[in-house]
Amino acid sequence: MILLKGAEVSSKIKAEVLAAVSAMEGHVPTAAIVRVGERPDDVSYEKNAMKKIAAFGMEARSYVFPEDISQQEFEEKFRTINQDPQIDGILLFRPLPAQIAGRLPERLIDPKKDLDGISPINSAKIFAGEEDGFAPCTAEAVMEILKGYEIPLEGKRAVIVGRSMVVGRPLAMLLLKANATVTVCHTRTKDLKAVCREADILVAAAGKAGMITAEFAAPGAVVIDVGINVDENGKLCGDVKWEGIEEVASAATPVPGGVGSVTTAVLAKHLCQAAQRK
Ligand code: NDP
(Lines give C-alpha, C1' and ligand atoms only; values in the text may rest on other atoms or scores of the structure.)
Protein backbone atom coordinates (compact mmCIF):
# COMPACT_ATOMS: atom_id res chain seq x y z
CA MET A 1 0.00 0.00 0.00
CA ILE A 2 1.24 3.47 -0.88
CA LEU A 3 1.32 5.94 1.99
CA LEU A 4 0.03 9.27 0.67
CA LYS A 5 2.18 11.67 2.66
CA GLY A 6 1.09 15.26 2.92
CA ALA A 7 4.65 16.57 3.31
CA GLU A 8 5.60 15.66 -0.26
CA VAL A 9 2.56 17.40 -1.70
CA SER A 10 3.13 20.44 0.53
CA SER A 11 6.72 20.84 -0.59
CA LYS A 12 5.65 20.86 -4.24
CA ILE A 13 3.08 23.57 -3.49
CA LYS A 14 5.74 25.47 -1.52
CA ALA A 15 8.15 25.52 -4.46
CA GLU A 16 5.40 26.89 -6.75
CA VAL A 17 4.37 29.56 -4.25
CA LEU A 18 7.96 30.67 -3.55
CA ALA A 19 8.55 31.08 -7.29
CA ALA A 20 5.33 33.05 -7.72
CA VAL A 21 6.08 35.30 -4.74
CA SER A 22 9.59 36.08 -5.95
CA ALA A 23 8.08 37.14 -9.30
CA MET A 24 5.97 39.74 -7.46
CA GLU A 25 8.91 42.13 -7.31
CA GLY A 26 8.87 43.13 -3.70
CA HIS A 27 5.18 42.79 -2.89
CA VAL A 28 4.82 40.41 0.04
CA PRO A 29 1.34 38.82 0.05
CA THR A 30 -0.17 39.43 3.47
CA ALA A 31 -2.89 37.51 5.28
CA ALA A 32 -5.11 38.56 8.15
CA ILE A 33 -5.92 35.69 10.48
CA VAL A 34 -9.01 36.66 12.45
CA ARG A 35 -9.86 34.83 15.65
CA VAL A 36 -12.61 35.51 18.19
CA GLY A 37 -11.89 33.94 21.58
CA GLU A 38 -9.28 31.39 22.61
CA ARG A 39 -10.51 28.00 21.36
CA PRO A 40 -7.44 25.73 21.61
CA ASP A 41 -8.06 24.24 18.12
CA ASP A 42 -8.13 27.72 16.58
CA VAL A 43 -5.03 28.85 18.48
CA SER A 44 -3.13 25.78 17.35
CA TYR A 45 -4.29 26.07 13.69
CA GLU A 46 -3.39 29.77 13.76
CA LYS A 47 0.12 28.97 14.94
CA ASN A 48 0.58 26.42 12.14
CA ALA A 49 -0.88 28.72 9.51
CA MET A 50 1.35 31.66 10.56
CA LYS A 51 4.41 29.40 10.42
CA LYS A 52 3.46 27.96 7.04
CA ILE A 53 2.74 31.35 5.48
CA ALA A 54 6.11 32.67 6.68
CA ALA A 55 7.89 29.56 5.38
CA PHE A 56 6.23 30.16 2.00
CA GLY A 57 7.79 33.66 1.85
CA MET A 58 4.71 35.65 2.82
CA GLU A 59 3.34 37.48 5.85
CA ALA A 60 0.47 36.83 8.25
CA ARG A 61 -0.98 39.19 10.83
CA SER A 62 -3.07 37.90 13.67
CA TYR A 63 -6.21 39.76 14.79
CA VAL A 64 -7.70 38.46 18.02
CA PHE A 65 -10.99 39.70 19.45
CA PRO A 66 -12.54 38.89 22.83
CA GLU A 67 -15.17 36.16 23.02
CA ASP A 68 -17.80 38.71 24.17
CA ILE A 69 -17.23 41.23 21.36
CA SER A 70 -20.54 42.75 20.24
CA GLN A 71 -21.85 42.09 16.77
CA GLN A 72 -21.53 45.78 15.88
CA GLU A 73 -17.94 46.05 17.02
CA PHE A 74 -16.97 42.81 15.28
CA GLU A 75 -18.61 44.02 12.08
CA GLU A 76 -16.73 47.35 12.20
CA LYS A 77 -13.38 45.71 12.91
CA PHE A 78 -13.93 43.05 10.27
CA ARG A 79 -14.88 45.65 7.66
CA THR A 80 -11.65 47.56 8.35
CA ILE A 81 -9.58 44.41 7.78
CA ASN A 82 -11.66 43.52 4.71
CA GLN A 83 -11.03 46.92 3.16
CA ASP A 84 -7.36 47.26 4.13
CA PRO A 85 -5.43 47.43 0.82
CA GLN A 86 -2.38 45.89 2.51
CA ILE A 87 -4.32 42.72 3.29
CA ASP A 88 -4.48 40.31 0.36
CA GLY A 89 -6.32 37.49 2.08
CA ILE A 90 -8.37 36.72 5.20
CA LEU A 91 -8.80 33.56 7.24
CA LEU A 92 -11.64 33.78 9.76
CA PHE A 93 -12.06 31.08 12.38
CA ARG A 94 -15.57 29.74 12.85
CA PRO A 95 -17.88 28.98 14.52
CA LEU A 96 -18.19 32.47 15.95
CA PRO A 97 -19.84 33.22 19.31
CA ALA A 98 -23.65 33.23 19.26
CA GLN A 99 -23.99 37.03 19.46
CA ILE A 100 -22.41 37.34 16.00
CA ALA A 101 -25.48 36.33 14.12
CA GLY A 102 -26.10 33.91 11.31
CA ARG A 103 -24.00 33.94 8.21
CA LEU A 104 -22.90 37.57 8.55
CA PRO A 105 -19.13 37.02 8.16
CA GLU A 106 -19.62 34.80 5.11
CA ARG A 107 -21.59 37.62 3.49
CA LEU A 108 -19.17 40.34 4.62
CA ILE A 109 -15.89 38.83 3.49
CA ASP A 110 -14.51 40.15 0.19
CA PRO A 111 -14.68 37.07 -2.08
CA LYS A 112 -11.30 38.01 -3.58
CA LYS A 113 -9.69 37.81 -0.11
CA ASP A 114 -11.62 34.76 1.01
CA LEU A 115 -8.78 32.28 1.59
CA ASP A 116 -10.98 29.47 2.93
CA GLY A 117 -13.82 29.80 0.43
CA ILE A 118 -16.60 30.73 2.88
CA SER A 119 -18.29 33.46 0.83
CA PRO A 120 -21.47 32.47 -1.05
CA ILE A 121 -19.83 33.85 -4.21
CA ASN A 122 -16.99 31.36 -3.89
CA SER A 123 -19.40 28.50 -3.10
CA ALA A 124 -21.28 29.36 -6.30
CA LYS A 125 -18.06 29.41 -8.32
CA ILE A 126 -17.04 25.99 -7.00
CA PHE A 127 -20.57 24.69 -7.67
CA ALA A 128 -20.36 25.98 -11.26
CA GLY A 129 -16.89 24.52 -11.77
CA GLU A 130 -15.31 27.95 -12.32
CA GLU A 131 -11.62 28.28 -11.58
CA ASP A 132 -11.29 31.87 -10.39
CA GLY A 133 -12.84 31.33 -6.95
CA PHE A 134 -11.50 29.83 -3.75
CA ALA A 135 -12.56 26.38 -2.53
CA PRO A 136 -12.38 25.56 1.18
CA CYS A 137 -8.72 24.66 1.83
CA THR A 138 -9.40 21.15 3.16
CA ALA A 139 -11.48 20.11 0.16
CA GLU A 140 -8.78 21.41 -2.16
CA ALA A 141 -6.09 19.69 -0.08
CA VAL A 142 -7.73 16.35 -0.87
CA MET A 143 -7.58 17.20 -4.59
CA GLU A 144 -3.92 18.26 -4.27
CA ILE A 145 -3.04 14.89 -2.72
CA LEU A 146 -4.85 13.00 -5.48
CA LYS A 147 -3.14 15.16 -8.11
CA GLY A 148 0.26 14.99 -6.40
CA TYR A 149 0.19 11.19 -6.40
CA GLU A 150 -1.26 11.08 -9.93
CA ILE A 151 -4.32 9.12 -8.90
CA PRO A 152 -6.68 8.96 -11.89
CA LEU A 153 -10.12 10.41 -11.26
CA GLU A 154 -11.85 10.42 -14.61
CA GLY A 155 -14.68 7.89 -14.67
CA LYS A 156 -13.81 6.67 -11.17
CA ARG A 157 -16.35 6.16 -8.40
CA ALA A 158 -15.70 8.55 -5.51
CA VAL A 159 -17.59 8.16 -2.25
CA ILE A 160 -17.40 10.88 0.41
CA VAL A 161 -18.62 10.24 3.94
CA GLY A 162 -19.70 13.68 5.21
CA ARG A 163 -21.68 16.50 3.63
CA SER A 164 -20.47 19.62 5.45
CA MET A 165 -19.93 22.93 3.68
CA VAL A 166 -16.27 22.79 4.69
CA VAL A 167 -15.38 19.38 3.30
CA GLY A 168 -17.98 17.02 1.81
CA ARG A 169 -20.02 19.33 -0.41
CA PRO A 170 -17.22 21.38 -1.99
CA LEU A 171 -15.10 18.26 -2.43
CA ALA A 172 -17.99 16.59 -4.27
CA MET A 173 -17.99 19.51 -6.71
CA LEU A 174 -14.22 19.41 -7.20
CA LEU A 175 -14.28 15.65 -7.84
CA LEU A 176 -17.19 16.08 -10.23
CA LYS A 177 -15.23 18.70 -12.14
CA ALA A 178 -12.42 16.15 -12.40
CA ASN A 179 -14.95 13.78 -14.04
CA ALA A 180 -15.33 11.35 -11.15
CA THR A 181 -18.76 9.89 -10.41
CA VAL A 182 -19.52 11.13 -6.91
CA THR A 183 -21.69 9.85 -4.07
CA VAL A 184 -22.02 11.88 -0.86
CA CYS A 185 -22.98 9.97 2.30
CA HIS A 186 -24.25 11.18 5.67
CA THR A 187 -25.92 9.92 8.83
CA ARG A 188 -29.12 8.93 6.98
CA THR A 189 -27.34 6.94 4.27
CA LYS A 190 -28.64 3.38 4.18
CA ASP A 191 -26.06 0.61 4.26
CA LEU A 192 -23.10 2.95 4.37
CA LYS A 193 -20.64 0.07 4.26
CA ALA A 194 -22.00 -1.24 0.95
CA VAL A 195 -21.97 2.25 -0.61
CA CYS A 196 -18.37 2.81 0.54
CA ARG A 197 -17.33 -0.54 -0.90
CA GLU A 198 -18.29 0.73 -4.36
CA ALA A 199 -15.64 3.43 -4.17
CA ASP A 200 -12.42 3.60 -6.15
CA ILE A 201 -11.70 6.66 -4.03
CA LEU A 202 -13.12 6.70 -0.52
CA VAL A 203 -12.99 9.95 1.45
CA ALA A 204 -13.74 9.82 5.17
CA ALA A 205 -14.85 13.21 6.51
CA ALA A 206 -17.32 12.34 9.26
CA GLY A 207 -15.34 13.35 12.33
CA LYS A 208 -15.82 9.93 13.97
CA ALA A 209 -12.65 8.30 15.22
CA GLY A 210 -11.97 4.96 13.52
CA MET A 211 -15.48 4.52 12.06
CA ILE A 212 -14.18 3.53 8.61
CA THR A 213 -12.76 0.05 9.04
CA ALA A 214 -11.21 -2.20 6.41
CA GLU A 215 -14.69 -3.62 5.72
CA PHE A 216 -15.70 -0.28 4.19
CA ALA A 217 -12.95 -0.37 1.57
CA ALA A 218 -13.01 -2.32 -1.67
CA PRO A 219 -9.77 -4.09 -2.60
CA GLY A 220 -7.49 -1.56 -4.28
CA ALA A 221 -9.41 1.52 -3.12
CA VAL A 222 -7.64 4.80 -2.45
CA VAL A 223 -8.58 5.94 1.05
CA ILE A 224 -8.36 9.60 2.03
CA ASP A 225 -8.82 10.35 5.71
CA VAL A 226 -9.90 13.93 6.42
CA GLY A 227 -10.92 13.29 10.02
CA ILE A 228 -9.04 14.87 12.89
CA ASN A 229 -10.13 13.32 16.17
CA VAL A 230 -8.69 12.51 19.54
CA ASP A 231 -8.91 8.85 20.60
CA GLU A 232 -9.57 7.49 24.09
CA ASN A 233 -5.84 7.77 24.89
CA GLY A 234 -5.74 11.42 23.91
CA LYS A 235 -3.90 10.64 20.66
CA LEU A 236 -4.67 12.36 17.36
CA CYS A 237 -6.42 9.99 14.94
CA GLY A 238 -8.49 10.01 11.78
CA ASP A 239 -11.85 8.54 10.81
CA VAL A 240 -10.13 5.51 9.33
CA LYS A 241 -9.13 2.59 11.49
CA TRP A 242 -5.67 1.84 10.23
CA GLU A 243 -5.51 -1.84 11.19
CA GLY A 244 -6.57 -3.96 8.24
CA ILE A 245 -6.71 -1.04 5.78
CA GLU A 246 -3.12 -1.66 4.75
CA GLU A 247 -4.06 -5.09 3.41
CA VAL A 248 -7.05 -3.84 1.42
CA ALA A 249 -6.39 -0.34 0.12
CA SER A 250 -3.93 0.48 -2.66
CA ALA A 251 -3.11 3.84 -1.05
CA ALA A 252 -4.12 5.80 2.03
CA THR A 253 -3.36 9.06 3.83
CA PRO A 254 -2.06 8.90 7.41
CA VAL A 255 -3.35 11.01 10.30
CA PRO A 256 -1.42 13.05 11.29
CA GLY A 257 0.74 13.80 8.26
CA GLY A 258 -1.89 13.53 5.55
CA VAL A 259 -4.67 15.93 4.56
CA GLY A 260 -4.14 18.25 7.52
CA SER A 261 -0.58 19.08 6.55
CA VAL A 262 -1.65 19.96 2.99
CA THR A 263 -4.53 22.15 4.17
CA THR A 264 -2.23 24.92 5.44
CA ALA A 265 -0.14 24.67 2.25
CA VAL A 266 -3.33 25.27 0.24
CA LEU A 267 -4.12 28.23 2.50
CA ALA A 268 -0.72 29.70 1.63
CA LYS A 269 -1.30 28.97 -2.07
CA HIS A 270 -4.63 30.80 -1.89
CA LEU A 271 -2.92 33.82 -0.31
CA CYS A 272 -0.43 33.91 -3.16
CA GLN A 273 -3.25 33.59 -5.72
CA ALA A 274 -5.26 36.36 -4.04
CA ALA A 275 -2.25 38.68 -4.32
CA GLN A 276 -1.65 37.67 -7.94
CA ARG A 277 -5.28 38.24 -8.91
CA LYS A 278 -5.22 41.70 -7.31
P1 NDP B 1 -19.21 18.13 10.44
O2 NDP B 1 -19.50 17.62 11.79
O3 NDP B 1 -19.62 19.48 10.03
O4 NDP B 1 -19.80 17.11 9.36
C5 NDP B 1 -19.68 15.72 9.53
C6 NDP B 1 -20.42 15.04 8.42
O7 NDP B 1 -20.24 13.65 8.56
C8 NDP B 1 -21.92 15.29 8.42
O9 NDP B 1 -22.38 15.47 7.10
C10 NDP B 1 -22.49 14.04 9.05
O11 NDP B 1 -23.78 13.67 8.53
C12 NDP B 1 -21.49 12.99 8.60
N13 NDP B 1 -21.42 11.89 9.56
C14 NDP B 1 -21.11 11.95 10.87
N15 NDP B 1 -21.18 10.73 11.43
C16 NDP B 1 -21.55 9.88 10.45
C17 NDP B 1 -21.82 8.50 10.42
N18 NDP B 1 -21.70 7.74 11.51
N19 NDP B 1 -22.18 7.96 9.25
C20 NDP B 1 -22.29 8.72 8.13
N21 NDP B 1 -22.07 10.03 8.11
C22 NDP B 1 -21.70 10.61 9.26
O23 NDP B 1 -17.63 17.96 10.28
P24 NDP B 1 -16.57 18.66 9.27
O25 NDP B 1 -16.95 18.41 7.87
O26 NDP B 1 -16.30 20.04 9.72
O27 NDP B 1 -15.27 17.82 9.63
C28 NDP B 1 -15.21 16.43 9.41
C29 NDP B 1 -13.90 15.92 9.96
O30 NDP B 1 -12.83 16.51 9.25
C31 NDP B 1 -13.66 16.26 11.44
O32 NDP B 1 -12.93 15.22 12.03
C33 NDP B 1 -12.78 17.49 11.38
O34 NDP B 1 -11.95 17.63 12.51
C35 NDP B 1 -11.95 17.18 10.16
N36 NDP B 1 -11.41 18.34 9.48
C37 NDP B 1 -10.15 18.24 9.04
C38 NDP B 1 -9.54 19.27 8.41
C39 NDP B 1 -8.16 19.06 7.87
O40 NDP B 1 -7.51 20.02 7.52
N41 NDP B 1 -7.70 17.81 7.76
C42 NDP B 1 -10.20 20.56 8.25
C43 NDP B 1 -11.62 20.54 8.59
C44 NDP B 1 -12.17 19.47 9.23
P45 NDP B 1 -25.10 14.59 8.75
O46 NDP B 1 -24.97 15.72 7.78
O47 NDP B 1 -26.24 13.68 8.42
O48 NDP B 1 -25.05 15.04 10.18
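The values are calculated or read from the model by the stated rules, or taken from the named source; none is laboratory data. Only a predicted model underlies this, so the values are computations on that prediction, with no experimental measurement involved. A quick note on method: Cβ atoms are made from the backbone with ideal geometry, for glycine too, and the neighbour counts reach across all protein chains shown. SASA here: full protein model, heavy atoms, side chains in, ligands and nucleic acids out. Shrake-Rupley method; radii C 1.70, N 1.55, O 1.52, S 1.80 Å.
In table form, for the structure just shown:
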{"read-out": "Cβ pairs under 6 Å, 6+ apart, first in the range 167-181 and modelled with pLDDT under 95, second open to solvent by 20 Å² or more (accessible area, probe 1.4 Å)", "value": "none"}
{"read-out": "Tally of residues being within 15 Å of the ligand (Cβ to nearest atom), open to solvent by less than 40 Å² (accessible area, probe 1.4 Å) and part of a loop (DSSP other than H, G, I, E, B) across the range 166-180", "value": "1"}
{"read-out": "Failed item, numbered, when Arg163 is tested on (1) more than 14 Å from the ligand (Cβ to nearest atom); (2) among the basic types (Lys, Arg); (3) touching a strand residue (DSSP E or B) at 6+ places or on another chain (Cβ under 9 Å)", "value": "(1)"}
{"read-out": "Per-region count, the range 21-41, residues surrounded by 18 or more Cβ atoms within 10 Å (Cβ to Cβ) and modelled with pLDDT under 95", "value": "0"}
{"read-out": "Residue that is nearest to Ala98 (Cα to Cα) [pool: residues in the range 30-85 that are in a helix (DSSP H, G or I) and among the small types (Gly, Ala, Ser)]", "value": "Ser44"}
{"read-out": "Exclusive hit being open to solvent by 10 Å² or more (accessible area, probe 1.4 Å) and among the aromatic types (Phe, Trp, Tyr), set Phe127, Phe134", "value": "Phe127"}
{"read-out": "Residues (farther than 13 Å from Met211 by Cβ, crowded, with 19+ Cβ neighbours inside 10 Å and not aliphatic (A, V, I, L, M)) located in the range 225-278", "value": "Thr253, Gly258, Gly260, Ser261, Thr263, Thr264, Lys269, His270, Cys272, Gln273"}
{"read-out": "Leading residue by the ranking (farthest from the ligand (Cβ to nearest atom)) among those in the range 182-212 that are touching a helix residue (DSSP H, G or I) at 6+ places or on another chain (Cβ under 8 Å) and of a type in the set (S, T, N, Q)", "value": "Thr183"}
{"read-out": "Hey, Val9 touching a residue at least 24 places away in the same chain (Cβ under 8 Å), open to solvent by 50 Å² or more (accessible area, probe 1.4 Å) and either of a type outside the set (Asp, Glu) or part of a helix (DSSP H, G or I) (or both) or not", "value": "no"}
{"read-out": "Residue among Asp231, Asp191, Asp200, Asp225 that is over 30 Å from Pro111 (Cα atoms) and in contact (Cβ under 8 Å) with a residue 24 or more places away in the chain", "value": "Asp200"}
{"read-out": "Qualifying residue in the range 116-137 (condition: touching a residue at least 60 places away in the same chain (Cβ under 8 Å), assigned to a helix (DSSP H, G or I) and under 29 Å from Met24 (Cβ atoms))", "value": "yes"}
{"read-out": "Qualifying residue in the range 181-188 (condition: surrounded by fewer than 18 Cβ atoms within 10 Å (Cβ to Cβ) and farther than 29 Å from Glu131 by Cβ)", "value": "yes"}
{"read-out": "Filter result (touching a residue at least 40 places away in the same chain (Cβ under 8 Å), in a loop (DSSP other than H, G, I, E, B) and hydrophobic (A, V, I, L, M, F, W, C)) within the range 234-278", "value": "Ala249"}
{"read-out": "Given (1) open to solvent by less than 20 Å² (accessible area, probe 1.4 Å); (2) within 16 Å of the ligand (Cβ to nearest atom), number of the condition Asn122 does not satisfy", "value": "(2)"}
